[in-house]
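Right, one structure below, let's go through it.
The values are calculated or read from the model by the stated rules, or taken from the named source; none is laboratory data. All values reported here derive from a predicted model rather than from experimental measurement. For neighbour counting, all protein chains shown are included, and Cβ atoms are generated from backbone atoms with ideal geometry for every residue, glycine included. Remember, those area values only see protein heavy atoms, side chains included, never the ligands or the DNA or RNA. Shrake-Rupley method; radii C 1.70, N 1.55, O 1.52, S 1.80 Å.
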Amino acid sequence: MPVARPESSDSRVIAHIDMDCFYVQVEQRKQPTLRGHPTAVVQYNSWKGGALIAVGYEARKYGVKRSLRGDEAKKVCPDIHLVQVPVARGKADLSVYRNAGSEVVSILSRKGRCERASIDEVYLDLTEAVKTMLAENPPERLETISEEAIKSHVLGLHLDGAKARDCVREWFLRSDADHRDKLLAGGALIVAELRLQVLRETEFTCSAGIAHNKMLAKLASGMNKPAQQTIVPYSSVKKLLESLPIKKMKQLGGKLGTSLQADLGVNTVGDLLQFSVEKLQECYGINTGTWLWNIARGICGEEVQSRLLPKSHGSGKTFPGPRALKTVSAVQKWLYELCEELNERLLCDLEQNKRIARTFTLHASAYKVNDSESLKKFPSKSCPLRYGIAKIQEDALNLFHAVLREYVGIYHVRTKENKHHEWAITGLSVSASNIVVIPSGTHSIMKYFHNQNQSCTSINKSNDICNQDTASLSSSGLLLADPQIETYGDEARAKDDMPSLSPDGDGTEVCKDVPVVMQFADNLGPTSIETEQHGSMEESFSYSGSENDLGSKPTQSKMDFLGTGLKSEKQKRKFEKEKGNTSILRFFHGCDPCSFPENARLKTFEESGASSSGKLIQENQQPMTGPTLSTCNMGQDDFRSDAWRYKTDEIDPTVLNELPPEIQAEVRAWLQPQKRANTVKRGSSIFHYFSRTTDS
Ligand code: DCP
């Protein structure tokens, strides 16, 4: 099968910029006396001096590595300063690092499309900026090349000993250079200047790679650290890849790389060249096979996404060895803590970025005591995210019960406190993904819900955490640092030693991210759940326990688990009947938070096919028809949102027609967000209208 080379593969200018020993630099900025001294950042737990999670370059000279523990580091470098990661809620608090990363991103994003790829790295697409530079003021016309640029490493450039700097200067100034090299020279000048700006404004140093695509730029940025930059001219790509150990390539550090070595005898990226695309596709499937064929040739058509904010938020913690959690109440305590942190991030994201997350996922690692099957993976599960700390906590616990039920079996779970210690939880994390920006013009609604929320929930304003999270599991499944999940997208750093607990991890089961319709009547609690599957609404009362069991009816025991969920045909019929009579007005008139029935909680969630790739969460979840109003449920007791979870075709148009025109417009725009830019009359406020109505 012919593989088309992306036309623009060598006409783009991409930079990958990575902060040097990032956490250490952040700590050194906090305590300038640490500068110049061997320093490392340790995880707060005190076993053997804690785990090193970042090692400064001075300490590296003594042989201190991230794999050591604090006590071991002291042995090889007695003068080392070990700084502890800040702690909050009994776990690592990475907010200071996230915020520092955001400072850097805001500087780097000045010159081109910027994609924040992890807590301390970004990709930049500088193509446009460079084209402008070449048109107006090309490097060959410059009288001087900045010192920082001259310190660049140009792969494949033959340097003449003491005259190395002159060689690089010449490379920048060559007027007969290949156009591709001119592009990279322009990119390198811009990146050198950006790195200086970062240094001046934040005191942080960073390293960079400049190439024609993301893959090569990323490879290059780590080649010369700290505080240096490396350029990959087109002509040097083949040589670079020829000898590059296969496991050094991004995404090949794990099982795929091992398989390439073991099954195909591939040790370097160059070794891949001997295989046809058909062969690679036959072995690894169409996508992976094609991707392998491309990377062997230095081809990567992946775009730099415009993204300064993370794709998900999360919070997690590990409980290694004797600290493993063995009772539901212990799990609940920690889940609630994690949810609180997640909730803070969600609210911060909402307030600062007007973004809401739609999918909530629980991840955990566990083992079965005295069980040969103890390696069975504790599956991850997702459900629609409901805003409000109480709801998030409730859903987290429900998800946990659901997963535990699967993991150890229905009957065993019934022993609430795990009296016989059948299972133990060694890692827990919660994450919020499927994040969307609230359409502009709908802020009146958002503000209302948010205000409601603020009155109910204490938000630690001084703790300015919101932008980024980081999470990580070691290959053994144990977190090196308490995981604070960060999913920055497809380009999120896949630290070889830190497969993420995030939704990108495998084994995630998705309780479909679907609009949930609930009618509350006579304190009966939710009477139905609707699920949307592959674009069509279908009712489901099923609680499928396995990925292949989507259509199954709930067993009695499952129904027990559903708590106040639908249990009887009568209730189903009641819902059916009421569904046709939905009334926005009724909803708004009844929107007194105090009148919300206490027991009206989402007790049920729909489980769907397990995903062998966590991508299911991010890619395969069926988007609602734009952000339905359910996504705006910010209140602590955000029962409004439940009523908002209607799709256009479920709302009787005559009901809408009862509303004043500007409110109709706003509601319709919510229901058909793709049209909202034209239909919403700014300044209209549903809440104001309804509060007036209610007051009168
Ligand atoms: N980190 C972590 N646990 C890990 C790896 C990293 O908590 N297992 C944190 C601490 C690091 C930060 O992420 O400072 C960035 O990780 P990098 O892998 O980029 O490493 P550094 O920035 O520390 O060093 P380098 O200069 O080699 O990039």
**Report entry** Cα centre as origin, Lys/Arg/Asp/Glu Cβ charges: the range 103-169 dipole, Debye
**Finding:** 100 debye
Query raised in the report: Going by the alpha-carbon gyration tensor, a ≥ b ≥ c the square roots of its eigenvalues, is the range 22-95 rounded (a/c under 1.5) or, if a/c is not under 1.5, prolate (a/b greater than b/c) versus oblate?
Result: oblate
Report task. Between Ala330 and Lys75, with labels modelled 7 Å along Cα→Cβ, what's the label distance in nm to one decimal, could you check? Result -> 3.0 nm
**Report entry** For the range 312-317, 3J(HN,Hα) per residue [Karplus equation, 6.51 cos²θ - 1.76 cosθ + 1.60, θ = phi - 60°, Hz, x = Gly/Pro]
**Finding:** 7, 10, x, 8, x, 7
Query raised in the report: Of Thr132, Tyr97, Gly161, which is farthest along the charge dipole of the range 68-176 in the positive direction, counting Lys and Arg as +1 and Asp and Glu as -1 at C-beta?
Result: Tyr97
Requested in this report: On the full set of protein chains, 1.4 Å probe, figure out the accessible area of Tyr336 and give it in Å² to the nearest 10.
Outcome: 70 Å²
Report summary line: Amide H neighbours of Ala88 at under 5 Å, excluding residues fewer than 5 places away on the same chain, with H built from the backbone geometry, are Asp93
Query raised in the report: Want the number for Arg180 to Lys30: 0.36 nm per residue separation, take away the alpha-carbon distance, what's left?
Result: 49.8 nm
Query - In Hz, Karplus ³J(HN,Hα) per residue of the range 70-83 (6.51, -1.76, 1.60; θ = phi - 60°; x = Gly, Pro) - result: x, 5, 5, 4, 4, 5, 7, 9, x, 8, 5, 9, 9, 9
**Report entry** Accessible area in square angstrom per residue, the range 22-95, 1.4 angstrom probe
**Finding:** 47 Å²
Report summary line: Carbon/sulfur accessible area of the range 246-296, % of total, 1.4 Å probe, equals 51 percent
Requested in this report: Report the full-extension gain for the segment Asp166 to Gln84: residue separation times 0.36 nm, less the Cα-Cα distance, to one decimal in nm.
Outcome: 25.1 nm
